[in-house]
1. For residue 146 and residue 207 in one chain, what is 0.36 nm times their gap in residues minus the Cα-Cα distance, to one decimal in nm?
2. For labels at residue 236 and residue 33 in the simple 7 Å Cα→Cβ model, what's the distance in nm?
3. Just the Cα atoms of the range 5-107, one point each, no solvent: what log10 I(q)/I(0) does Debye give at q = 0.13, 0.16, 0.19 Å⁻¹?
4. Test of understanding: what is the full-extension gain from residue 90 to residue 21, defined as 0.36 nm times their sequence separation minus their Cα-Cα distance?
5. How tilted is helix 44-61 with respect to the longest principal axis of the chain? Cα atoms for both, answer in degrees (0 to 90, nearest 10).
6. Taking the DSSP beta bridges in the range 101-191 as the whole, what percent of them are antiparallel, to the nearest 5?
7. For 72, 118, 103, which order do you get if you count the other beta carbons within 10 Å of each Cβ and list the fewest first?
8. Rounded if a/c is under 1.5, else prolate if a/b beats b/c, else oblate: with a ≥ b ≥ c from the C-alpha gyration tensor eigenvalues square-rooted, which is the chain?
């Protein structure tokens, strides 16, 4: 009688992989769904994450059929070309994501000198109450300003359609209430993007006789894009990374990958 033990081993391995992939997809899926249910946050970051997790679940559910189909298609030239092309695209996407991640980390590790003008990048504000992400930036800015009493600070952010005041004004009130002297704070209230944040803040620094070398306060994942936007406009810039809550980081990290690609394309 023919020995079929190898088939049993193969089936057992597939079962293990199905459980591992499905479990990982569910856990990661929760990371991307949580911001939506807790704070109504839905952007290209968690949408991408949810799609990828759903695709992984489908693969786990139909692993045998999909693997058998791939093996079958590899037997003919057109199928082999298609599968190899898809594999190459996936490899390129993975390489670019890893490259951007390395650049993000390196940008977040650039240490400011303590002499540049501080620039806090705006983010969503609810009246005079900063959002979670904006408050994390303000916390980092407050700590830096306390440690460096000679540093001036530009608060950069315009007013969105659903905001009742500019993000700069919201930040100004928050820092002033914490005891930061108002003569150290300058408002830039017209920017609507990272590029404008940096460019308009440079103008504010120049108009007020401040150091035109900037230290940008933003979330750690956003440091590289801020640095890149500044560099493209001939502005020297370092970053102070603000922390991001872990339950928000996967969503904003994936969104930032798109943002960096867009900045590269521009």
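1. 19.5 nm is the gain from fully extending residue 146 to residue 207.
2. With each label placed 7 Å out from Cα toward Cβ, I get 5.0 nm.
3. Log10 of I(q)/I(0), two decimals: -0.70, -0.97, -1.14.
4. Stretched out fully, the residue 90 to residue 21 stretch lengthens by 23.1 nm.
5. Tilt relative to the chain: about 20 degrees.
6. Of all bridge pairs located within the range 101-191, approximately 20 percent are antiparallel.
7. Ranked by crowding around the Cβ, least crowded first: 72, 103, 118.
8. prolate
Values quoted throughout were computed directly from the atomic coordinates according to the rules given, and no laboratory measurement underlies them. Owing to the predicted nature of the structure, the values given are computational and were not obtained by experimental measurement. Positions of Cβ are backbone-derived with ideal geometry, glycine not excepted, and every protein chain shown enters the neighbour counts.
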